[in-house]
Amino acid sequence: MLETAQEVLAGEEAWVVGGAVRDELLGRELIDLDIATPEPEGAARAYAKRSGGAPFPLSERHGAWRVALEEGRTVDFTPLPGAIEDDLATRDFTINAIARPLAGGEPVDPFGGQADLEERRLRAVGDTVFSDDPLRLLRAVRLEDELDLRLDEETERLVREHASLVSEPAGERILAELWRLSLLQPLGGRIEDRLDRWDASDYRLVAVFGEELRRFPISNGLGRYARALVRAQRPEDDPRSIHRFRRATEPWALEALAFLGASELAPAIEQARNSEPAEPLLRGDELELPPGPEIGRLLAEIEEERAAGTIATKEEALDYARRHSGAVREDG
């Protein structure tokens, strides 16, 4: 792979970067090659033509291209708009921020990655590596395990500081890795069997952290979702109980059942949803009551009785209101 790249990019600026340099320094087999060059698309197409590989854009946003080879090997060509030192400053860990000229020569190592490799140390390039890309939390753990490295003190502090980024879209992928780092328990989290009962990132966050999720800078929507699940109480399998459960948990009733380990009641929830009337039996302005919470209470009780099957008509709803509040209008 390396020889072909040297032939294709002979005379052009090109640097071997990232994991390829790291693995070479560790004496590991080269599986993937990462090359920074000013014209990645042209380099990828030329490399594919010479090697018989398949070129395709890896990131239209960033301009990176990949050539897929046999046996799962890949060669990535990434843009190099400026100096190689500027490129290395955007990398995640110092051991991945080493470059060497593709044509040969001494490595460029502005962050001391070679020394960190010798000390089996995993150190972040800068303070923003995890806020720039939360998936680097996952990569930190993988590299620790795969290369037998240990986080340095400052990088471990950064991991703990940014652990709240588990609420990002890819957060559920990070949870298991934080568990392996022994960070979940200090943050108030734990992994239990409810974790895999529902396939959604927000659900997994609540399953792991429960009430402790409030400690993190989460959105109002996620906060409401978490409260609905954590405060849910297991319903009985009867229409009244299902109605009350739905009032407390919708639109997340099925997730709440999963959280409680009561998914066998999901058909009852679905049936209640499908049979829910389009219009209420009564409106608040049909009750001769002053504005206030009493109207809402009565209407909620009427809808519950309707769900339970004890009333079915407007007349029965009016009768219920008379018996439980007093005066209502006779008309309408």
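The values are calculated or read from the model by the stated rules, or taken from the named source; none is laboratory data. Everything numeric here is computed off the predicted structure, so don't read it as measured data. Here the Cβ positions follow ideal geometry from the backbone for every residue, glycine too, while neighbour counts run over all protein chains shown. Side chains included, ligands, DNA and RNA excluded: accessible areas come from the protein's heavy atoms. Shrake-Rupley method; radii C 1.70, N 1.55, O 1.52, S 1.80 Å.
To the nearest 20 debye, what is the magnitude of the charge dipole of the chain about its Cα centre, counting +1 on the Cβ of each Lys and Arg and -1 on the Cβ of each Asp and Glu? Provide the component values of the computation, followed by the final result.
Values: 43 positive and 68 negative charges, 160 e Å.
Here the size comes out at about 780 debye.
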ask   = Which value in Å does the Kirkwood hydrodynamic radius of the range 228-332 take, with 1/r averaged over all unlike C-alpha pairs and then inverted?
value = 14.8 Å
Share of alpha-carbon pairs per 10 Å distance bin for the range 1-105, given as whole % = 16, 52, 31, 1
query = How much length is gained on full extension from Arg150 to Ala200, taking 0.36 nm per residue of separation minus their Cα-Cα distance?
reply = 14.9 nm
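Suppose accessible area is computed on protein heavy atoms with a 1.4 Å probe; arrange Arg247, Arg123, Arg136, Arg142 from highest to lowest.
Details: Arg247 155, Arg123 70, Arg136 30, Arg142 110 Å².
Solvent-accessible surface, decreasing: Arg247, Arg142, Arg123, Arg136.
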request  = Compute the distance in nm between two label points, each set 7 Å from the Cα along the Cα-to-Cβ direction, one at Leu222 and one at Glu250.
outcome  = 2.7 nm
ask   = Accessible area per residue, 1.4 Å probe, Å², for the chain: what's the number?
value = 53 Å²
task = Answer with one residue from Val8, Pro101, Val206: the one whose Cα lies farthest towards the positive end of the charge dipole of the chain, charges on Cβ with Lys, Arg +1 and Asp, Glu -1.
result = Val206
task = Calculate the translational D of the range 88-167 in whole µm² s⁻¹ from Stokes-Einstein, where the hydrodynamic radius comes from the Kirkwood formula applied to all Cα pairs, the temperature is 20 °C and the viscosity 1.002 mPa s.
result = 165 µm²/s
message = What figure, in Å² to the nearest 10, do you get for the accessible area of Glu70 with a 1.4 Å probe and non-protein molecules left out?
response = 150 Å²
remark   = Projected onto their principal axes, the Cα atoms of the range 38-157 stretch, largest extent first, over whole-Å spans of 46, 28, 26
inquiry  = For a quick check of understanding: with a 1.4 angstrom probe and all protein chains in place, what accessible area in square angstrom does Asp148 have, to the nearest ten?
reply    = 100 Å²
query = What is the diffusion coefficient of the range 53-104 in µm²/s, taking the Kirkwood radius over Cα pairs and the Stokes-Einstein relation at 37 °C with a viscosity of 0.692 mPa s?
reply = 260 µm²/s
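So, with a 1.4 angstrom probe, what is the percent of accessible area on the chain that is carbon and sulfur? Mind dumping the intermediate values first?
Working: 8120 of 17550 Å².
Within the chain, the accessible surface is 46 percent carbon and sulfur.
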request  = Would you compute the Debye intensity of the chain from its alpha-carbon atoms alone, equal scatterers and no solvent, and pass along log10 I(q)/I(0) at q = 0.10, 0.11, 0.16 Å⁻¹ to two decimals?
outcome  = -0.75, -0.83, -1.24
ask   = Quick one: if the Förster radius is 22 Å, what FRET efficiency do Lys314 and Asn274 give, using the C-beta to C-beta distance and rounding to 0.05?
value = 0.45
